[in-house]
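Input: a single structure, listed below in structure tokens.
The values are calculated or read from the model by the stated rules, or taken from the named source; none is laboratory data. As the structure is a computational prediction, the values presented were derived from the model and not from experiment. Quick reminder, even Gly has a Cβ in these numbers, built from the backbone with ideal geometry, and neighbours come from all protein chains shown.
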Amino acid sequence: MYRQVLVFAVFAAFLCGFPASCARNLNYRPIIGILAQENLEDDPHAQGSSYIAASYVKHLESAGARVVPIHINRTEEEYEKLFNVINGLLLPGGNVDIEKSQFTRAAKVFYELAIKANDASDYFPIWGTCQGFQQLTVLTSNKNLLTLTDTKAVALPLTFSPGAQNSRLFKKFPKDVLQSLAEENITSNFHSWSLSMQNYSSNAKLKRFYRVLTTNTDGKKEFISTMEAYRYPFYAVQWHPEKSPFEWIEKAGMVHTLSAIKATFYTAHFFVSEAMKNHHQFSSQSEEEKALIYNYQPVFKGLNSIFLQNYYFD
Ligand SMILES: *[C@@H]1O[C@H](CO)[C@@H](O)[C@H](O)[C@H]1NC(C)=O
Ligand SMILES: *[C@@H]1O[C@H](CO)[C@@H](O)[C@H](O)[C@H]1NC(C)=O
Ligand SMILES: *[C@@H]1O[C@H](CO)[C@@H](O)[C@H](O)[C@H]1NC(C)=O
């Protein structure tokens, strides 16, 4: 009996040597940081200097996480302090300079802290959506390798790479959701820039770091639409899972079908389950309370706005 327990303990320790497979002790109160970005110049509702679109907040909340806004224009010390109390990072879509903005500056600090933490077996996941995807490619390669594509307002089906349905990101998706993603035009694309397969393949840093899970084409260039890092819990989608249930502008590329909304949920469910593997926590309940996004009120921007509601920050 004692021997069996010992064998089991050794086996469990072995499993947990690989952070991705260590499922014990999930943190069921995960808190995910969403990075704010510089306000759009033509935003008639803008207050202060930066914003977070509320759809990203709702996307994570729908799967059991709470959100802390990460302000731009803060010191590295403040970012490091925040990094050590949150359980994951989401880099949202938007429209800033992904080499020179304050958004980029903060993303880089968190990216480097996440690399260091994961290397030290402190599991810290990052998710990038659209601009967040693009930002991750710049952070990993130290270059902007993006190219213009005709993908500004179009819903596409994903072309899965061989074996991608068994990737960490997709392997627990229900079969019908994977089938919908592969066959129906349900992933919303709202980007001018893309990482082409060509530039990915010819950049050793990107190729070694990320596994391509899905691709798409604008008819001329094949580009990466979903990827995950091989050795880090970093995930990136060029499409917008948060839009289907939470954005309502009437525009080509917007999809509100049952299958699109179901697919959205599984993306959030996956990323939040990754954040549950992290055990950072605030030093006290009052510190946690002060940081949460519930301290801010989103502004309703109207039905014709690309973002239905935004949070604004100083
Ligand atoms: C914040 O923004 C101001 C104005 O752009 C800049 O001078 C300052 O260096 C920034 N601070 C940090 C910590 O980035
Ligand atoms: C590859 O990257 C360069 C920038 O370094 C860009 O100018 C070019 O358009 C890209 N080409 C393709 C096919 O993606
Ligand atoms: C669906 O996606 C395909 C690309 O796979 C595209 O050719 C087609 O035009 C799209 N249909 C619609 C209605 O957007």
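Computed values, structure above
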| read-out | value |
| --- | --- |
| Inter-residue pairs, beta-carbon under 7 Å, first away from ligand 3 (no atom under 16 Å from the Cβ) and in the range 123-149, second at pLDDT below 95, 6+ apart | Y123/P19 |
| Helices (runs of 4 or more DSSP H) enclosed by the range 243-304 - at least 2 residues per element that are within 20 Å of the chain's Cα centre (by Cα) | 243-246, 258-275 |
| Checklist (1) within 27 Å of A63 (Cα to Cα); (2) crowded, with 22+ Cβ neighbours inside 10 Å; (3) of a type in the set (S, T, Y) applied to T149, failing item | (1) |
| Answer residue from the range 33-67, given it is within 14 Å of the chain's Cα centre (by Cα) and under 18 Å from H280 (Cβ atoms) and is nearest to ligand 2 (Cβ to nearest atom) among those | L35 |
| In the range 108-137, residue nearest to ligand 2 (Cβ to nearest atom) [restricted to those that are under 23 Å from K243 (Cβ atoms) and assigned to a helix (DSSP H, G or I)] | T137 |
| Some residue of the range 193-206 being under 19 Å from F234 (Cβ atoms), in a helix (DSSP H, G or I) and among the aromatic types (F, W, Y) | yes |
| From the options S180, S196, S192, S161, residue that is polar (S, T, N, Q) and either closer than 17 Å to A263 by Cα or without any contact (Cβ under 8 Å) to a residue 40 or more places away in the chain (or both) | S180 |
| Odd one out for N199 among (1) polar (S, T, N, Q); (2) surrounded by fewer than 17 Cβ atoms within 10 Å (Cβ to Cβ); (3) away from ligand 3 (no atom under 16 Å from the Cβ) | (2) |
| Neighbours by Cβ (under 7 Å, 6+ apart or cross-chain): first from the range 235-264, aromatic (F, W, Y); second surrounded by 17 or more Cβ atoms within 10 Å (Cβ to Cβ) and assigned to a helix (DSSP H, G or I) | Y235/F271; F246/S55; F246/K58; F246/H59 |
| Contacts under 6 angstrom Cβ, first residue in the range 272-284 being more than 16 Å from E80 (Cα to Cα), partner among the aromatic types (F, W, Y), 6 or more apart | K277/Y123 |
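For every residue, the table says whether it meets (1) more than 20 Å from F313 (Cβ to Cβ); (2) crowded, with 17+ Cβ neighbours inside 10 Å; (3) modelled with pLDDT under 95.
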position: A23; (1), (2), (3): yes, no, yes
position: I32; (1), (2), (3): no, yes, no
position: Q37; (1), (2), (3): no, yes, no
position: A53; (1), (2), (3): no, yes, no
position: A65; (1), (2), (3): no, yes, no
position: N87; (1), (2), (3): yes, yes, no
position: G93; (1), (2), (3): no, yes, no
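Yes or no, residue by residue, for (1) buried (at least 16 other Cβ atoms within 10 Å of the Cβ); (2) hydroxyl-bearing (S, T, Y):
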{"position": "D176", "(1), (2)": "no, no"}
{"position": "A182", "(1), (2)": "no, no"}
{"position": "S188", "(1), (2)": "yes, yes"}
{"position": "H191", "(1), (2)": "yes, no"}
{"position": "N216", "(1), (2)": "yes, no"}
{"position": "K221", "(1), (2)": "yes, no"}
{"position": "F234", "(1), (2)": "yes, no"}
{"position": "E247", "(1), (2)": "yes, no"}
